[in-house]
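A short write-up of the structure that comes next.
The values are calculated or read from the model by the stated rules, or taken from the named source; none is laboratory data. All values reported here derive from a predicted model rather than from experimental measurement. In this analysis, Cβ positions are derived from the backbone assuming ideal geometry, glycine residues included, and neighbour counts consider all displayed protein chains.
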């Protein structure tokens, strides 16, 4: 194979790294093997004693193993996407880093699925997954997709190594000569002829095109396993793109960390420069901003929807006693800190970018933990067994040992691979730029930016001083303000058989009304100048306090049929005292239904207390009729009480439930004498809804959508067709090498 001067220089630089291993390298291998060995002992303990040695229980059935599985699979996709995109776009600075990205893909895809096996209690049943697996199940989709993805990643990495394997074939290593026959076999007689070069480029480009959508599809399938499960925190439509963005974000961080480590180990300062870290840092913060947007959207929709199950998970995440600190680190620090370091020139250097990448990777691992554990600790049904180890998950030494064993295996395979093939391609394609010239251009741009900043420094300082004045003056003025006079409102509600008083406490602060929660309201009944305490209640988040009116209070008859109540607030250091009184008269509403000449009529009677403890017809009242809907009340009519009664023709077009039943509510609203009174009744006058056939979409149901199954089969068949074509192309390259 033809070797130009640049290739010879690279071979001379990297070949000693393949032939020799330093004492530090040997010590690193021994240490990693000890960590892996300890992990194997933990695995033996788990197999012998069972999953009781882990923190997983009946409700928290997944733990660190699934977190590690998602993490390793996620960073593998970043390697495929970065290497594939940079190769297709012919990015000039890609050469020193593209092999590292491909190695991350292959090694991570091999380690990640092994954590799934650690979750299986009966490993002897593993063959049933292949023998009896259902193609309708997304779990089977994930198995097939990951297998397909791993196969494509290995082929893609091999295609990118053929040129270097041919160089090593023609320049045999002097130590560990057992590798030379492997180099000769894997080089497939490649000699850089015009036809061989053309075939290799076509195969590499084709696989780059295939690997990019395949990586997106595979991680989407993994996300669908969660998104198709009806659990709070998982059942979300944005999980597929959310998982993809998070995976590429963490994978980019791992790539930066790997670059930094091998740059130090092999002294690759002339090969991997600050430009590579800057470019990948920019890619990382763009992905971090997108990841932050998806995170905000996920939690905003769950919080705004206020569904009880989702809110239970959010309360766990926001609770300082549970997951608040991990949540802040994963969502805020893991996104904002890398953006600040990369975007601020003062902080941006090789070491700081590597540190930002380390923070991003750790934050994404924590985010996977928060996706799994809090959701499983929030069951849909109450847990009757309240033992702490069943309610709350806590990883044991076995799980941590296997976690660190996986990380050690990742590092070991990466290091051993760098001793078998150069970590940076030896053969270059002539598409690289002069990095010294690029550094000069970047330096000039930075100097121009510094000059512009100095020109604007006076204006910036003046703006800061003005902002400080504008902020400090209102604060100084606010210190001299007097105490605030609150507003207290008292309302009477009579709902069916319940009669209650509701007090609302508000205050006008800075031009707007705010509710005052946590304040004590005292309720009293006043009759003939005598005050009777009804209760003391604390206002809720909306500033409301409610107390029920006892039956014995209503039995007193009041003052000539009128009842007077008082609500008072004693005040505190900031708010003055306030009190309010309200007088009401009991009102009895009786709702009935009848049909008259084919018309459906609603009859309402309104009675008030009269002489001799008798109920007499009420007069001059407006009544509004409602039908409760899912989110509000639907007004269906309005009428006036005449001689104690009124009627309403009920509309026939209002839908009820599947049997036609609905609830009708009649309300007297905010009346000066009677307050708020309402009565409800149920009747089957609604329009019956058509029966709904509930179709279950479980992970293994037989009625899975066939169009989706067929689509998956077609797509994977096309991918494997391209794999076969690439393998056939490699065989053609080998055949051409005979001549």
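Annotations
- Selection from region 342-354 of residues that are under 14 Å from residue 288 (Cβ atoms) and either touching a strand residue (DSSP E or B) at 6+ places or on another chain (Cβ under 6 Å) or free of Cβ contacts under 8 Å to residues at least 60 places away in the same chain (or both): 343
- Scan of region 176-203 for residues that are part of a helix (DSSP H, G or I) and farther than 30 Å from residue 21 by Cβ, ordered by number: 194, 195, 196, 197, 198, 199, 200, 201, 202, 203
- Residue 206 being within 22 Å of residue 728 (Cβ to Cβ) and buried (at least 22 other Cβ atoms within 10 Å of the Cβ): no
- Residue 233 meets the conditions (1) surrounded by fewer than 15 Cβ atoms within 10 Å (Cβ to Cβ); (2) assigned to a loop (DSSP other than H, G, I, E, B); (3) within 14 Å of the chain's Cα centre (by Cα) in every case but one. The failed one is (1).
- Single residue of 145, 160, 78 found to be touching a residue at least 60 places away in the same chain (Cβ under 8 Å), closer than 19 Å to residue 418 by Cα and assigned to a helix (DSSP H, G or I): 160
- Checking region 385-407 against the condition returns a match, with at least one residue being touching a helix residue (DSSP H, G or I) at 6+ places or on another chain (Cβ under 7 Å) and modelled with pLDDT under 85.
- Residue 529, sole failed condition from (1) under 28 Å from residue 681 (Cα atoms); (2) out of contact with any strand residue (DSSP E or B) (no Cβ under 7 Å at 6 or more places or on another chain): (1)
- Residue 152 being touching a helix residue (DSSP H, G or I) at 6+ places or on another chain (Cβ under 7 Å), modelled with pLDDT under 90 and surrounded by fewer than 19 Cβ atoms within 10 Å (Cβ to Cβ): no
- The residue that is surrounded by the fewest Cβ atoms within 10 Å (Cβ to Cβ), among those in region 263-283 that are out of contact with any helix residue (DSSP H, G or I) (no Cβ under 7 Å at 6 or more places or on another chain) and in a helix (DSSP H, G or I), is 264.
- Restricting region 680-717 to residues that are assigned to a helix (DSSP H, G or I) and exposed (fewer than 12 other Cβ atoms within 10 Å of the Cβ), the residue that is modelled with the lowest pLDDT: 706
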